[in-house]
Amino acid sequence: MKKDTWKGFEEEQVASISYDDFLKRISSRYRRALMRMKVNPRLKKFVEKVRVIKKSNPKKLIKTHIREAIILPEWLGLSFGVHNGKEFKRVDITLNKIGRRLGEFSHTTGRVAHSGPGVGATRGSKFVPLK
């Protein structure tokens with residue numbers, strides 16, 4: 001059976017990868033966002049909060065509005081509640097989600113299932129016989 005890997009690393013190796021090695025293996029867009037974490041105090045505070053929660057209670061759901069946060073390898077196995085504008089969607093961090101943004105896994109728009117027109121919706125539907 002094939003094991004899941006992230007850029008050639010197995011799950012045990014990914015959790016212990018250094019921050020610099022992680023930066024070398026992600027795309028330049030995400031690398032630039034992580035480098036700007038020094039400038040963004042909100043994101044820096046969030047990363048520190050996640051580290052504290054991971055030490056104290058790793059099973060706890062971490063709720064956040066910060067959809068642009070890059071998923072770090074040290075977050076492997078944690079659960080986040082990412083706000084999509086209406087509610088907090090649960091995002092469990094797995095190997096294939098590392099290096100992406102939290103917001104990518106909590107969609108802001110839902111599927112719209114249209115049905116037939118209701119009575120009075122259009123001029124033509126006024127004459128549709130009711131069953």
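What follows draws every value from the coordinates through simple rules; no lab data is involved. As the structure is a computational prediction, the values presented were derived from the model and not from experiment. Cβ sites come from the backbone with ideal geometry, for glycine too, and all protein chains shown count toward neighbours.
Couple of notes before you dig in:
- Taking Val91, Val50, Val39 and counting other C-beta atoms within 10 Å, the order from fewest to most: Val39, Val50, Val91
- Overall form of the stretch 1-112 per C-alpha gyration tensor (a/c, 1.5; a/b vs b/c): rounded
- Exceeding the 23 Å Cα-Cα cut-off - candidates Lys3/Lys44; Lys2/Lys97; Lys2/Lys55; Lys55/Lys97: Lys3/Lys44; Lys2/Lys55
- Since only Gly81, Ile71, Pro58 are under comparison, the one whose Cα sits farthest along the positive direction of the charge dipole of the chain, derived from C-beta charges on Lys, Arg, Asp and Glu, is Gly81.
- Note on the chain: dipole from Cβ charges, positive end direction compared against Leu43, Tyr30, Thr5; the farthest Cα belongs to Leu43.
- Dipole magnitude for the chain: computed about the Cα centre from +1 point charges on Lys and Arg Cβ and -1 point charges on Asp and Glu Cβ, it is near 560 debye.
- Of all DSSP beta bridges in the chain, antiparallel share, percent nearest 5: 65
- Most mobile of Thr64, Thr94, Thr109 in a GNM of the chain (Cα contacts under 10 Å): Thr109
- Estimated from the Cβ-Cβ distance and a Förster radius of 41 angstrom, the FRET efficiency linking Asn57 and Arg123 is about 0.10.
- Taking the stretch 5-107 and dividing mean pair separation by its residue count, relative contact order in percent (alpha carbons under 8 Å, at least six apart): 26
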